[in-house]
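Just so it is clear, none of the values below were taken in a lab; they were calculated from the coordinates. Given the structure is predicted, the values throughout are model-derived calculations rather than measurements. Note that each Cβ is placed from the backbone with ideal geometry, even for glycine, and that neighbours are counted across all protein chains shown.
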Amino acid sequence: MYDEKKLKEIAKRKKEWETTCYNPLKERSPERMERFQNLSWTEIGPLYTPVDIKDIDHSRDIGFPGEYPFLRGIHSTMHRGRLWTMRQFAGFGTAEETNERYKYLLAHGETGLSVAFDYPTLYGYDTDHPLSRGEFGKCGVAISSLKDMEILFKDIPVDRITTSMTINGPAPIVWAFYIANADKQNIPRSQIGGTIQNDVLKEYIAQKSFIFPPEPSMRLTVDTFEFGFREVPRWNTISISGYHIREAGSTAVQELAFTLADGFEYVRAAVARGLDIDAFAPRLSFFFNAHNDFFEEIAKYRAARRIWARGMKELGAKKPRSLLMRFHTQTAGVSLTAQQPEINLVRVAIQALAAVLGGTQSLHTNSMDEALALPSEKAVRLALRTQQIIAEETGVTYTADPLGGSYYLEWLTDRMEEESLNYFDRIERLGGVIPAIEKGFFQREIAEASYRFQQEVENGKRTIVGVNKYQMDEPVEIPLLVMDEKGEEVQINRLKKLRRDRDQGKLDRALKALGKAAKGEENTMPYILDCVHAYGTLGEICGVLREVFGEYKEPAIF
Amino acid sequence: MDKKIRVLVAKPGLDGHDRGAKIVARALRDAGMEVIYTGLHQTPDMIIQTAIQEDVDVIGLSLLSGAHMTLFRDITDKLRENDMEDILVVGGGIIPEEDVPRLNEAGVRGIFGPGATLDDIIRFIKENVKR
């Protein structure tokens with residue numbers, strides 16, 4: 001962006017500055033650390049200048065918001081036009097308790113819903129399955145049938161509010177619960193909007209709530225893509241997620257690289273099935289973490305948009321909608337401390353600011369008490385208020401990509417893109433994403449990074465305020481969420497009644513038809529919907545698919 | 001030379017959060033112990049079977065889902081039924097302060113929550129293992 005002559009002059013001036021100014025001071029009073037490394041162990045220099053970004057071409061690499069390569073954001077007006085959706089991930093206990101929480105959040109200014117399911121639901125088991133023992137409602141809400149979904153969204157206008165559902169292995173079934181709930185209220189399928197996470201590749205890599213082996217999982221995913229653009233066109237049929245990869249201990253670079261590698265893998269799988277890339281690509285969405293290293297996070301989001309746009313173009317996408325990356329962000333759960341929990345409010349605010357400056361489309365801010373328990377009402381309200389302050393008081397929304405053009409940020413964005421491309425090569429050499437999973441490549445990379453980070457915390461090289469520095473001995477005094485102890489009983493009784501009252505013959509026929517479709521090549525979604533409408537439970541429907549597809553067992557690597 | 005301490009690091013239940021278990025497994029191995037990691041989704045019976053087969057001195061349980069009061073106690077109950085109480089059982093995860101005494105009483109001797117250091121865990125095992 002500078003001419004040759006100007007760059008030479010700046011390079012010369014920088015050298016002089018180093019010799020006459022920086023180096024002498026550093027010798028007199030040494031810097032606080034010998035090396036400054038960000039959370040990906042990238043060494044950060046003391047100063048960046050135009051020389052560090054001399055190879056960047058404005059029209060090729062930076063461009064304008066709303067235009068290829070979308071580095072500066074996906075909309076021309078960005079947050080001036082529309083704020084991000086404030087979407088707090090929530091769910092616990094019974095559908096009734098969680099329904100109350102949703103209404104509370106909406107009443108306090110939340111603009112979208114996001115469902116957290118409990119472990120049995122995530123694995124496709126009903127609450128009364130033996131493996132569900134001890135897990136009911138602990139990490140989210142228990143949803144075992146359409147009945148539970150009806151209660152979960154009672155008095156919530158699903159034709160007007162969008163809902164994100166964090167569900168992966170059994171995503172087609174839980175999505176069918178949501179669609180069937182709208183069907184029952186005579187809301188056209190074309191009117192409901194939301195997202196299913198439905199990203200199984202990162203389950204094998206990081207989050208680990210997989211059910212089926214990779215191949216049938218990918219088939220189900222492509223079934224949802226196809227069903228989505230035909231019948232539920234406002235639905236994002238996948239949220240390709242780096243969040244969990246990061247939480248499992250990866251670096252920011254690994255989060256970026258592995259997530260995008262997964263994204264391109266889904267696109268290739270759908271194209272291989274014969275789907276038109278420009279038909280399904282506009283409904284692909286992403287989900288990233290917002291961690292502690294402020295500039296690294298912002299660079300990550302910007303790099304992600306550019307890598308995606310370039311990669312999709314290479315894969316043959318033509319429509320701008322297919323090239324632009326829309327993403328949700330959640331602040332880093334793993335960065336929260338159980339010690340001095342109130343200070344988490346500050347961490348979350350800074351992380352959320354990075355997500356906004358990085359151009360996010362929707363945002364979850366963690367509650368301060370989440371290292372201890374599921375959030376209390378007060379804690380989640382403060383988390384939501386944090387977003388509202390950023391949105392309406394700070395002015396950071398007034399211009400698109402406000403940090404664009406910073407020598408440091410542009411250098412870091414470029415570098416993260418380059419490192420991601422290096423990872424793509426390594427994955428390619430292993431035979432692609434699924435072979436790399438089967439060889440434990442991602443799992444090992446993440447385990448190495450998380451162990452290295454932990455060792456640096458233990459030896460004091462990395463500071464965590466309240467944990468290895470500035471500790472206090474005071475007991476934690478913060479009110480925690482208490483769940484209804486009778487919830488599990490309520491849920492199990494509801495399941496029993498459901499099984500007693502439904503038309504069993506109709507359900508049996510629907511389950512049988514699903515089994516046949518799963519063995520063949522037809523799209524499974526219509527068959528799943530038939531089972532759901534006949535009040536088949538999650539465990540029963542998933543059981544049919546387990547029978548046909550088998551279950552995945554992961555290599556235990558540490 | 002002393003026989004190495006044999007540790008089974010186990011993930012009971014449906015919880016998929018394995019970052020902590022893997023870090024602890026590595027740290028114990030680096031501290032000179034023999035470590036066997038079960039992988040995810042283990043039932044209490046599977047954990048007991050592996051403990052018998054591998055003839056371990058210590059079982060380290062990791063659970064972040066909140067199901068520890070049920071699953072940790074299922075495991076210590078089964079250890080008692082099988083006369084395996086000489087095995088030292090420790091646990092970690094998101095475990096509220098008020099659950100700790102009840103877990104101790106049930107036979108989970110050491111509980112290591114957020115903020116416990118790897119050294120704390122290693123030291124506790126070395127000091128309390130019965131051999």
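When you count, for each residue, the other Cβ atoms within 10 Å and take the mean per peptide, how do A:297-310, A:204-217 rank with the highest first?
Order by mean packing, descending: A:297-310, A:204-217.
Measuring from a point 7 Å past the Cα of A:Glu489 along Cα-to-C-beta, which residues in the stretch A:117-140 have an amide N at less than 17 Å?
Flagged as within label range: A:128, A:134, A:136-137.
If you average the C-alpha positions of the stretch B:49-110 and of the stretch A:274-296 separately, how far apart do those two centres end up, in angstrom?
Spelled out, the Cα-based centre of one part sits 41 Å from the other.
Give me the distance in nm between label points sitting 7 Å out from Cα along the Cα-to-Cβ direction at A:Arg32 and A:Leu47, one decimal.
The answer from the label model is 2.0 nm.
What's the long-distance tail for the stretch B:1-113, i.e. % of Cα pairs beyond 21 Å?
Roughly 29 percent, rounded to a whole number.
Is the shape of the stretch A:105-233 rounded, prolate or oblate, going by the alpha carbon gyration tensor and its root eigenvalues a ≥ b ≥ c, with a/c under 1.5 for rounded and a/b larger than b/c for prolate?
Cα axes put the stretch A:105-233 in the oblate bin.
What FRET efficiency do you get for B:Asp55 and A:Glu522 if R0 is 60 Å and r is their Cβ-Cβ distance, rounded to the nearest 0.05?
Efficiency, from the Cβ-Cβ distance: 0.75.
Straight-line reach from B:Lys126: which lysines have a Cα under 27 Å away, not including same-chain ones fewer than 8 places off?
The reachable lysines, counting only those whose Cα sits under 27 Å from B:Lys126, are A:Lys461, A:Lys469, B:Lys3, B:Lys4, B:Lys11, B:Lys22, B:Lys78.
Other chains near B:63-73: what is the mean number of their Cβ atoms within 10 Å of each residue's Cβ?
Other-chain Cβ atoms within 10 Å of each residue's Cβ, averaged: 4.
As an exercise, use a Förster radius of 22 Å and the Cβ-Cβ distance of B:Asp2 and A:Ile557 to find the FRET efficiency, rounded to the nearest 0.05.
0.20
Counting only residues 5 or more places away or on other chains, whose amide H sits under 5 Å from the amide H of A:Thr85 once H atoms are built in the peptide plane?
Sorted by chain and number, the residues that satisfy this are A:Ser362, A:Leu363.
Taking the Cα of A:Asp278, stepping 7 Å toward and past its beta carbon, and measuring to each backbone N in the stretch A:195-232: which are under 19 Å?
Under cut-off, by backbone N: A:226, A:229-230.
For A:Val115, enumerate residues with amide H under 5 Å from its amide H, sequence gap 5+ or separate chain, H modeled in the peptide plane.
A:Ala90, A:Ser164, A:Met165, A:Thr166
With just the Cα atoms defining each centre, how far is the stretch A:1-63 from the stretch A:395-469? Give it in Å.
Value for the Cα centre distance between the two parts: 22 Å.
Once label points are set 7 Å from the Cα along Cα→Cβ at both A:Asp57 and A:Glu314, what is their separation, rounded to one decimal in nm?
1.7 nm
Would you mind getting me the FRET efficiency between B:Asn128 and B:Arg102? Use the beta-carbon distance for r and R0 = 22 Å, nearest 0.05.
Here the calculated transfer efficiency is 0.70.
Taking θ = phi - 60°, what integer Hz values does the Karplus form 6.51 cos²θ - 1.76 cosθ + 1.60 yield along the stretch A:87-103, in sequence order, with x for Gly and Pro?
10, 8, 5, 8, x, 6, x, 8, 4, 5, 4, 6, 4, 4, 4, 4, 5
What length, rounded to one decimal in nm, is gained on full extension from A:Ile389 through to A:Asn23, with 0.36 nm per residue of separation minus their alpha-carbon distance?
127.6 nm
What is the average number of partner chain Cβ atoms found within 10 Å of a Cβ in A:128-139?
The mean count of partner-chain Cβ atoms within 10 Å per residue comes to 5.
From the phi of every residue in the stretch A:178-194, what ³J(HN,Hα) in whole Hz does the Karplus formula 6.51 cos²θ - 1.76 cosθ + 1.60 yield, where θ is phi - 60° and glycine or proline is x?
3J(HN,Hα) across the stretch A:178-194, in whole Hz: 5, 4, 5, 4, 5, 3, 5, 8, 6, 8, x, 4, 6, 9, 8, x, x.
Can you work out the PRE-style zone for A:Arg13? Point 7 Å along Cα to Cβ, and I want the residues of the stretch A:44-78 with backbone N under 17 Å.
Residues passing the 17 Å test: A:47-54.
List nothing, just return the count: lysine pairs in the stretch A:488-549, 8 or more apart or interchain, with Cα separation under 22 Å.
Number of lysine pairs found: 5.
Note down the magnitude of the dipole of the protein assembly as shown about its Cα centre, charges +1 on Lys and Arg C-beta and -1 on Asp and Glu C-beta and zero elsewhere, to the nearest 20 debye.
The calculation lands at about 1600 debye.
Dipole of the stretch A:149-289, Cα-centred, from +1 at each Lys and Arg C-beta and -1 at each Asp and Glu C-beta, to the nearest 20 debye?
120 debye
Which percent, to the nearest 5, of DSSP beta bridges fully inside the protein assembly as shown are antiparallel?
In the protein assembly as shown, approximately 0 percent of DSSP beta bridges are antiparallel ones.
Of the listed peptides A:190-201, A:425-436, what is their order by residue-averaged count of other C-beta atoms within 10 Å, with the highest listed first?
Descending packing order for the listed peptides: A:190-201, A:425-436.
Putting +1 on Lys and Arg Cβ atoms and -1 on Asp and Glu Cβ atoms, find which of A:Tyr125, A:Met525, A:Pro402 reaches farthest to the positive end of the dipole of the protein assembly as shown.
Positive-end residue among those listed: A:Pro402.
Which value, in debye to the nearest 20, describes the size of the charge dipole of the stretch B:20-107 about its Cα centre when Lys and Arg Cβ atoms bear +1, Asp and Glu Cβ atoms bear -1, and nothing else is charged?
400 debye
Kirkwood Rh, the stretch A:4-58, all Cα pairs: how many Å?
Across the stretch A:4-58, the inverse of the average 1/r is 13.2 Å.
From the Cα gyration tensor of the stretch A:488-549, with a ≥ b ≥ c the square roots of its eigenvalues, which class applies: rounded if a/c is under 1.5, or else prolate if a/b is larger than b/c, or else oblate?
In terms of gyration-tensor shape, prolate.
Could you check the spin-label model distance between A:Arg429 and A:Gln455? Points 7 Å from the Cα along Cα→Cβ, value in nm.
Taking the simple label geometry, A:Arg429 and A:Gln455 are separated by 2.3 nm.
What ³J(HN,Hα) values, in whole Hz, does the Karplus curve 6.51 cos²θ - 1.76 cosθ + 1.60 give for the stretch A:104-115 when θ = phi - 60°, with x put for Gly and Pro?
For the stretch A:104-115, the Karplus-derived couplings read 4, 5, 5, 5, 9, x, 5, 10, x, 9, 8, 9 Hz, x marking Gly and Pro.
Determine the shape class of the protein assembly as shown: with a ≥ b ≥ c the square roots of the Cα gyration tensor eigenvalues, call it rounded for a/c under 1.5, and otherwise prolate if a/b is greater than b/c, oblate otherwise.
Oblate shape, in that a/c is at least 1.5 and b/c is the bigger or equal ratio.
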